[in-house]
Amino acid sequence: MEREYRVNCPAGAEEELRNAARHLNDKMEEIKNASSAAGKVIGTDRIAVIAALNITHHMLEIETQQNTIDTELKKLHASIDAALDQDVQLEL
């Protein structure tokens, strides 16, 4: 959003950092445009905080979904192991 920052990162992670910066900038632009369309003017700091909260919320939702998938996969794996131990053919 019209500002550039110099940020250090580990060697080889430059492209990932640029992608993260682009993603954050895109989210900030979305918030800025939405607030302008609603007739509100909000500062860059507030836009940055809202964007960070939205991104974090989305990340936490994905983590929850991943944990649910991991749990289901562990259950399925245990069922398969139990069936193989009993030499029973699974019906999928």
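Here is a yes/no grid of residues against (1) in contact (Cβ under 8 Å) with a residue 24 or more places away in the chain; (2) surrounded by 11 or more Cβ atoms within 10 Å (Cβ to Cβ):
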{"site": "Met28", "(1), (2)": "yes, yes"}
{"site": "Ser36", "(1), (2)": "no, yes"}
{"site": "Ile42", "(1), (2)": "no, yes"}
{"site": "Ile47", "(1), (2)": "yes, yes"}
{"site": "Thr56", "(1), (2)": "no, no"}
{"site": "Thr68", "(1), (2)": "no, no"}
{"site": "Leu73", "(1), (2)": "no, no"}
{"site": "Ala82", "(1), (2)": "no, yes"}
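A count restricted to segment 1-26 and to residues that are closer than 21 Å to Gly43 by Cβ, outside any helix (DSSP H, G or I) and free of Cβ contacts under 8 Å to residues at least 40 places away in the same chain stands at 3.
All of the numbers you see were taken from the coordinates with simple rules; none came from a lab. Just so we're clear, the structure is a prediction, and the values are computed from it rather than from any experiment. Reconstructed Cβ throughout: ideal geometry from the backbone, glycine too, with neighbour counts over all protein chains shown.
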